[in-house]
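Below is one structure, written out as structure tokens; the observations come after it.
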Amino acid sequence: MTHRTLHEGWTLRAAPGSPVPPALADRSVPAAVPGCVHTDLLAAGLIPDPFLDANETELGWIGRTDWVYETTVVHRPGDDDRVDLVCAGLDTVATVTLNGVEVGRTENMHRGHRFDVTALLRPGPNALTVRFASAYRYAEAHRDLLGDRPNAYPEPFPFIRKMACNFGWDWGPNLVTAGIWQEIGLHAWSTARLAAVRPLVTVTDDLGRVELHVEVERVADVPLTVRAAVAGASTEVVVPAGERAAVASLEVHNPTRWWPRGYGEPALHQLDVILCGADGRELDAWSRRIGFRTVRLDTIPDAYGTPFALHVNDVPVFVRGVNWIPDDPFPSRITRDRLAHRFAQAAGAGVNLLRVWGGGRYESADFYELADELGLLVQQDFLFACAAYPEEEPLRTEVEAEAREQVTRLAAHPSLVLWTGNNENIWGWHDWGWQAQLAGRTWGRGYYLDLLPRIVGELDPTRPYWPGSPWSGDDGIHPNDPAHGTTHIWDVWNTDDYTKYREYVPRFVAEFGYQAPPAYATLRRALSDAPLAHDSPGMAHHQKAIDGDLKLQRGLDAHLPAPADFDDWHYLTQLNQARAIQLGVEHFRSHRDVCAGTIVWQLNDCWPVTSWSAVDGDGRRKPLWYALRRAYADRLLTVQPRGGGLALVAVNETGQPWRASATVTRLSLAGEPCAKTAYELDVPAYAAVALALPAALALPAALAAPAEARRELLVAEAGDEVERAFWFFAEDRDVDWPAARFEASVEPVDGGQRVRVTARAALRDLALFPDRLDPSAEVDQALVTLLPGESTTFTVTAGVPLDPAALTSRPVLRCVNDIAGN
């Protein structure tokens with residue numbers, strides 16, 4: 001048995017008659033495989049970078065063009081019974097030919113294909129061609145055939161099994177790709193091969209069990225043997241002549257369990273599977289690392305409604321999640337190292353779950369292996385988002401084939417804890433005016449409530465399935481009812497101020513978010529606007545949300561002083577995003593007895609854009625990332641409005657009780673204490689002390705009622721191991737902030753510089769933006785509030801020493817006072 005990749009020697013050209021620029025007519029360029037047309041044309045210097053300025057708009061013709069990939073495969077025949085051409089991923093509508101003979105056709109980006117080419121290969125050179133028809137033409141033809149259906153964007157993505165966000169989103173560019181986007185190669189084999197291996201891992205008490213489902217493809221009708229081993233246990237099972245499937249069972253006593261981040265170590269165990277012939281010779285092999293763990297959803301109705309609580313190894317896990325979108329419109333550019341860096345950013349912000357959103361892709365092996373290693377939980381959506389999807393052929397067959405392939409492919413990964421049927425489509429059918437437009441046509445219900453749960457139940461009953469995000473758990477209850485199942489909160493941002501988060505006490509928040517622009521260095525790399533302004537041409541093009549800038553301005557008007565220039569606007573919008581999400585997360589966590597988790601929209605971006613992300617399209621952390629790290633901390637101290645007053649709430653997401661002395665002090669902006677109260681915290685493991693509990697920490701009126709709201713604040717502290725909490729009695733726009741008076745010093749350290757700031761007046765949300773001086777520069781903390789006389793230290797890493805004067809002055813060093821200070 002041999003596997004030979006075919007990634008060299010490819011060329012790309014537009015098919016004759018396609019609407020391409022003259023420079024491309026009758027021209028071939030080298031093609032990278034895996035890759036896509038856009039990256040090949042970019043490498044050849046034939047198109048501008050679509051991420052820069054408004055270049056995206058000049059490239060729409062690519063998605064409406066037919067493209068031809070060609071290579072020569074030199075074949076040296078062996079004694080194998082069979083040779084297959086294996087295409088792990090073709091994007092999307094492809095015709096494959098070998099030596100002028102059609103081998104097969106594909107029309108689904110989300111599944112692989114295997115073609116028997118034994119009879120077509122000849123010794124020496126062979127001509128292999130993959131022709132991609134326009135994704136637009138295919139999708140529009142099926143739209144016309146099946147009848148249009150409503151969706152969130154005027155694009156035909158529901159009519160093709162392709163990454164929906166290729167067609168543009170409210171955070172992403174319209175770059176409709178084509179190409180050999182995953183591995184392609186020749187697989188030569190004899191007698192039989194492993195067609196599918198599906199380990200179902202369970203744990204009961206101290207016994208771990210692997211039920212190993214094996215499917216074989218064979219060319220010889222002989223007995224076969226499957227041998228398997230994991231964690232010191234081994235077994236073998238015979239596949240009789242003529243049979244194509246077998247089940248082997250392995251039992252491991254007292255296995256070391258796999259735990260999510262914050263709950264234990266994510267222990268992994270190598271599972272090896274070998275297929276042998278009747279003579280004992282090895283025919284094929286398969287290996288993965290698995291984890292012994294259980295997962296279930298608690299959805300039993302209670303006094304508050306219908307919970308949505310994730311339990312791993314019978315321990316309830318409060319989800320501190322983020323939504324994940326494709327990290328690049330061109331997947332071949334997403335390396336394992338890039339994913340590892342992004343995962344480190346997620347873990348660094350206290351995240352324990354990534355939700356793979358349904359408008360992108362089923363994530364890669366690298367993605368899931370990294371999640372397994374780090375103990376990051378994964379919720380994977382099936383790929384349906386924000387649209388009514390037809391259930392007729394040929395799409396239904398493709399949906400079923402892709403679902404079966406992906407559920408089988410991902411079954412080995414302990415990080416995967418939940419399958420979700422779609423993103424917002426059930427909600428859309430209820431609330432977005434779809435029913436009248438559909439006039440009885442199919443819209444995807446049969447997928448979400450019938451086909452997909454049947455496939456998951458058949459192929460992987462060890463994991464829960466939830467029909468949609470959001471979904472209440474009951475057809476008779478509105479799908480986005482916060483008291484039942486999962487909810488998305490988008491009136492905040494779209495119409496309402498972020499303080500409205502406090503009106504919700506949901507069971508589980510699967511989406512909520514607030515926008516801000518990317519880092520300054522990211523903007524300067526991507527945009528040639530001179531000068532930059534919130535509404536300059538490049539900024540406007542890289543704001544994809546409907547009325548996005550108006551919504552940003554509404555948020556600024558409600559909370560912050562008016563910006564005098566773009567630098568102010570940039571700092572204040574990033575600050576407002578951070579505050580919005582921190583307020584929401586802390587509020588939801590303070591109701592831990594009701595709310596079982598939050599998934600912030602969104603962790604990452606796929607290009608430079610004003611969006612809801614915590615990490616921008618160039619991989620730079622926005623202030624939101626630092627606020628998320630604070631709000632998702634294992635131990636959280638927060639001041640919350642309760643019953644017309646204020647309460648101190650302590651949240652403990654560790655396995656040990658949290659016992660500490662706490663104080664709450666009312667201070668003037670000058671740092672003078674006005675009132676003070678002390679408490680003794682005693683918070684059990686994985687719990688919160690909140691107003692609804694007997695040990696409520698309601699603040700006395702003398703502490704919570706300021707004499708001058710514009711000149712006073714509360715500070716709550718509980719030792720060095722937890723960040724202190726602030727409560728301001730007035731919005732920053734109304735606070736009598738003193739001028740920003742401070743002393744700053746800069747000293748060199750290994751790999752960068754240390755900036756120490758000592759406040760001579762109260763400083764609100766002090767932040768350092770070293771990327772304004774060097775695009776490679778990063779800082780270790782942000783949004784620090786200091787009282788008079790207090791100091792903080794920022795550690796800056798950069799490729800070159802940065803000017804100390806610039807590091808310690810506007811617009812690099814910022815705080816609210818330098819805009820609002822008197």
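The values are calculated or read from the model by the stated rules, or taken from the named source; none is laboratory data. Quick caveat, the model's predicted, so the values are computed rather than measured. In this analysis, Cβ positions are derived from the backbone assuming ideal geometry, glycine residues included, and neighbour counts consider all displayed protein chains. These accessible areas exclude ligands, DNA and RNA; they are computed on the full protein's heavy atoms, side chains included. Shrake-Rupley method; radii C 1.70, N 1.55, O 1.52, S 1.80 Å.
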How much length is gained on full extension from ARG64 to ALA709, taking 0.36 nm per residue of separation minus their Cα-Cα distance? 226.2 nm
Looking at region 327-425, what % of the alpha carbon pairs are farther apart than 23 Å? 29
Apply the a/c threshold of 1.5 to the C-alpha gyration tensor of region 167-250 and tell me whether it is rounded, prolate or oblate. oblate
Could you give the radius of gyration (one decimal) and Dmax (whole number) of the Cα atoms in region 656-761, in Å? 17.6, 51
Cα→Cβ-extended label distance, 7 Å offset, between ALA23 and ALA303, nm: 7.0
So for each of 745-756, 367-378 I average, over its residues, the number of other beta carbons within 10 Å; can you give me the resulting order with the highest mean first? 367-378, 745-756
Tell me whether region 555-647 comes out rounded, prolate or oblate; compute the Cα gyration tensor, take square roots of the eigenvalues as a ≥ b ≥ c, and use a/c under 1.5 as the rounded threshold. oblate
Summing +1 for each Lys or Arg and -1 for each Asp or Glu, what net charge is found among the other residues whose Cβ lies under 9 Å from the Cβ of VAL609? -1
Classify region 253-375 as rounded, prolate or oblate from the Cα gyration tensor: take a ≥ b ≥ c as the square roots of its eigenvalues, call it rounded if a/c is under 1.5, otherwise prolate when a/b beats b/c and oblate if not. oblate
I'd like to know which of ILE334, VAL238, ALA164 lies farthest towards the positive end of the charge dipole of the chain, counting +1 on Cβ of Lys and Arg and -1 on Cβ of Asp and Glu. ILE334
In this structure, the FRET efficiency calculated for GLU392 and ASP491 from their beta-carbon separation, with R0 = 35 Å, to the nearest 0.05, is 0.50
May I ask you to give the average projected area over all directions of the convex hull of the Cα atoms of the chain, in nm² rounded to one decimal? 36.5
Over the chain, what relative contact order in percent results from Cα pairs under 8 Å that are six or more residues apart? 9
Is there a pair in LYS500/LYS622; LYS500/LYS544; LYS162/LYS622 whose C-alpha atoms are over 27 Å apart, and which pairs would that be? LYS162/LYS622
Given a 1.4 Å probe and every protein chain left where it sits, what share in percent of the accessible area of region 20-171 is carbon and sulfur? 51
Mind checking the full-extension length gain between ALA564 and THR11? Use 0.36 nm per residue of separation minus the Cα-Cα distance, one decimal, nm. 193.8 nm
By how many nm would the segment from THR663 to ALA702 grow when fully extended, if each residue of separation counts as 0.36 nm and the alpha-carbon distance is taken off? 12.6 nm
Using 7 Å Cα-to-Cβ label points, what is the TRP432/ALA220 separation (nm, one decimal)? 5.5
In whole percent, and with a 1.4 Å probe on the protein chains, what portion of the accessible area of region 412-490 is carbon and sulfur? 52
For 73-79, 421-427, ranked highest to lowest by mean beta-carbon neighbours within 10 Å, the order is 421-427, 73-79
Excluding ligands, DNA and RNA, what is the solvent-accessible area per residue of region 570-665 at a probe of 1.4 Å, expressed in Å²? 19
Can you tell me what share of the DSSP beta bridges in the chain is antiparallel? A percent to the nearest 5 is fine. 85
Under 20 Å by backbone N from the virtual spin label 7 Å along Cα-to-Cβ at ASP79, the residues of region 175-196 are 187-193
With T = 37 °C, eta = 0.692 mPa s and Kirkwood Rh from C-alpha pairs, the Stokes-Einstein D of region 473-620 in µm²/s is about 202
Quick one: work out the % antiparallel among DSSP beta bridges in region 416-522, nearest 5. 10
Considering only protein heavy atoms and a probe of 1.4 Å, how much of the accessible area of region 541-644 is carbon and sulfur, as a whole percent? 51
Apply 1/(1 + (r/R0)^6) to the Cβ-Cβ distance of ASP803 and ALA685, taking R0 = 56 Å, and write down the FRET efficiency to the nearest 0.05. 0.70
Determine the relative contact order of region 175-234: mean sequence separation of Cα pairs under 8 Å and six or more apart, normalised by residue count, in whole percent. 29
